[in-house]
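Novice: Could you have a look at this structure, given as structure tokens, before my questions?
The values are calculated or read from the model by the stated rules, or taken from the named source; none is laboratory data. Just so we're clear, the structure is a prediction, and the values are computed from it rather than from any experiment. In this analysis, Cβ positions are derived from the backbone assuming ideal geometry, glycine residues included, and neighbour counts consider all displayed protein chains. Only protein heavy atoms, including side chains, enter the accessible area calculation; ligands, DNA and RNA are left aside. Shrake-Rupley method; radii C 1.70, N 1.55, O 1.52, S 1.80 Å.
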Amino acid sequence: MASNKKVLFNARIFDGTSFVKETSLCLENGVIQGLGAGHKEGDVDCGGRILAPGMIDLHTHGIGGYSVMSPEGLKKAARLYPRHGVTSFCPGAGCACNADIRRYLEGVLAFVREPEGAGVLGAYLEGPYLSAPNRGANPAGMLRTPSLSDYQDMVGEYGSLVKRITIAPELPGALTLIERLAGDGVMVSAGHCAPTAGQMMEAVERGVRSTTHTCNGMPPLHHRAPGVLGEALTDERVCTEFIADLVHIDPILIKLIHRVKGPQNCYVCTDSIPAATMPDGTYCLNEGEVTVKNGVATLGDSLAGSTLTMDRALRNLVKKVGIPLEDALRMCTSTPARAIGAGGRKGMIAAGYDADLVLLEDDLSVFMTIVRGETEFQASRES
């Protein structure tokens, strides 16, 4: 196979944890070969822009009118994510019947075999083992009691594709399933739940390592009943995911999460629905109709995902919340990579890592996105 080598130069490089002195980067056959300094020529002049690892969204249900639940929608969405700096993502399935989950997993498998645009890190199941009072926009009729046999019936022969699942740890049978899935390498998150602090502690002992859209779909922190939030914020084993649209949680709470957990132990997601990047209006989600007004998606009295994109989330963190740029970038790149178990090949700019990169303007808008060493988006070419 012919070598596909290129050099990017004249960049301010953020390597996944900090800005480094090197200003150039060599890629070959979709893999980073190494960093250099002082290069004044090469294949891509970065123009002094910020060069960072590609952003990773571990929680998205769609974008641009496309749902990742359908095979064709997944392909279309994957082509759109690089416009917003995303190079890897976990397509999220909401609560659905077994037949729909199997079709979704079949679509994920087909995409993994022939990827287009941003890459899929694995399937994400947001349910069906959720607490009914905390289910959010998930249909009540699709909720189930967790058990290994039920889970195996649901995923069938596609179990190896599942890399993340959200479970309410307080449900009967949840702890046994959590322990089994965590032992199989699945990222188990506590979400749409209301466990006591003790129940959450036991879930962490069994293998829970993250929370799903922290603060949303769970009771608020109480000084005499710390619950899931109290345990998640104080246990170093738990990585806290949050939606940075400044609607789901107040900027002050984002500051709190950042200060308590540190950028190495909290990360950003979008929880975007197909209405993301689309005009206000009415959209289908699960079994209901979601109303989007002023960019906020609701189903009845409940928020129903978001219309956020990862590049806007990054700008929100830095410009509106006041998170340092290095920390904000880390929370969009290396931290989610490590949380999903891809930290050895994603989320960093270092030799041997996948050549998944984003080039950012000073205002943190996306100028170029590179996936597997190939340019998937460039602002000067596309609107």
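Novice: For segment 225-235, take each phi angle, set θ = phi - 60°, evaluate the Karplus expression 6.51 cos²θ - 1.76 cosθ + 1.60, and give the result in whole Hz per residue in order, putting x for glycine and proline.
Specialist: 9, x, x, 4, 5, x, 5, 4, 6, 10, 9
Novice: Can you give me the C-alpha center-to-center distance between segment 100-176 and segment 225-241, rounded to a whole angstrom?
Specialist: That distance is 23 Å.
Novice: Are any of the pairs Lys163/Lys346; Lys76/Lys346; Lys40/Lys346; Lys6/Lys40; Lys255/Lys320 more than 19 Å apart by Cα-Cα distance, and if so, which?
Specialist: The pairs that break the limit, which is 19 Å between Cα atoms, are Lys76/Lys346; Lys40/Lys346.
Novice: Another question, if that's okay. Just to check I understand the Karplus step: with θ = phi - 60° and J = 6.51 cos²θ - 1.76 cosθ + 1.60, what whole-Hz values come out for segment 189-201, glycine and proline as x?
Specialist: For segment 189-201, the Karplus-derived couplings read 10, 8, x, 6, 8, 8, x, 6, 4, x, 5, 5, 4 Hz, x marking Gly and Pro.
Novice: If you don't mind, another one. Using only Cα atoms, what is the ratio of the radius of gyration of segment 235-282 to 2.2 N^0.38 Å?
Specialist: Cα-based Rg divided by the globular estimate yields 1.38.
Novice: Using the alpha-carbon centroid of each, what span in Å lies between segment 14-76 and segment 303-353?
Specialist: 12 Å
Novice: For a quick check of understanding: with a 1.4 angstrom probe and all protein chains in place, what accessible area in square angstrom does Asp150 have, to the nearest ten?
Specialist: 40 Å²
Novice: In addition: Amide H to amide H under 5 Å from Val31: which residues, 5+ apart in sequence or cross-chain, H placed 1.01 Å off N in plane?
Specialist: Under 5 Å from the amide H of Val31 lie the amide H atoms of Ala355, each far enough along the sequence or on another chain.
Novice: Name the long-range amide H neighbours of Ile13: under 5 Å, sequence gap of 5 or more, or other chain; modelled H, no Pro or chain starts.
Specialist: Val20, Leu51
Novice: Rank Leu121, Leu105 by accessible area, highest first, at a 1.4 Å probe radius?
Specialist: Result, largest first: Leu121, Leu105.
Novice: Continuing with this model, one more query. If amide H atoms are built 1.01 Å from N in the plane of the peptide, which residues on other chains or at least 5 residues away come under 5 Å of the amide H of Ser272?
Specialist: Excluding prolines and chain starts, which carry no amide H, the hits are His61, Gly62, Ser306.
Novice: Using θ = phi - 60° and the Karplus curve 6.51 cos²θ - 1.76 cosθ + 1.60, what whole-Hz ³J(HN,Hα) does each residue of segment 150-157 get, with Gly and Pro shown as x?
Specialist: So the J values, rounded to whole Hz, are 5, 4, 5, 5, 5, 8, x, 7.
Novice: Aspartates and glutamates near Lys5 by alpha-carbon distance under 18 Å, same-chain residues fewer than 8 away left out - which ones?
Specialist: Within the straight-line cut-off, Lys5 pairs with Glu28, Glu41, Asp43, Asp45, Asp354, Asp356, Glu374, Glu376.
Novice: Ok, one more. Count the DSSP beta bridges whose two residues both fall in the chain, then state the antiparallel fraction as a percent rounded to the nearest 5.
Specialist: Around 55 percent antiparallel, to the nearest 5.
Novice: Leaving ligands, DNA and RNA out of it, rank Arg259, Arg103, Arg237 by accessible area with a 1.4 Å probe, largest first.
Specialist: Of Arg259, Arg103, Arg237, the descending order of accessible area is Arg259, Arg103, Arg237.
Novice: Next question. Leaving ligands, DNA and RNA out of it, rank Cys284, Cys215 by accessible area with a 1.4 Å probe, largest first.
Specialist: Of Cys284, Cys215, the descending order of accessible area is Cys284, Cys215.
Novice: Please compute, for the alpha-carbon atoms of segment 298-383, the extent along each of the three principal axes and give them in descending order in Å.
Specialist: 48, 34, 26
Novice: I need the GluC sites (Glu not before Pro) found in segment 209-247, filtered to DSSP loop residues with at most 10 other beta carbons within 10 Å of theirs.
Specialist: Glu236
Novice: For Met142, what accessible area in Å² do you get when you roll a 1.4 Å probe over the heavy atoms of the protein chains, rounding to the nearest 10?
Specialist: 50 Å²
Novice: On the first, second and third principal axes, largest extent first, how far apart are the outermost C-alpha atoms of segment 219-315 in Å?
Specialist: So the extents along the principal axes, rounded to whole Å, are 40, 30, 21.
Novice: Right, next: Which log10 I(q)/I(0) values does the chain give at q = 0.06, 0.08, 0.12 Å⁻¹ under the Debye formula, counting every alpha carbon as one identical point scatterer?
Specialist: -0.21, -0.38, -0.86
Novice: Using the Kirkwood radius built from alpha carbon pairs, what does the Stokes-Einstein equation give as D for segment 291-340 at 37 °C and 0.692 mPa s, in µm² per second?
Specialist: It comes out at roughly 264 µm²/s.
Novice: Counting only protein heavy atoms and a 1.4 Å probe, tell me what percentage of segment 171-242's accessible area is made up of carbon and sulfur.
Specialist: Exposed carbon and sulfur together represent 55 percent of the surface.
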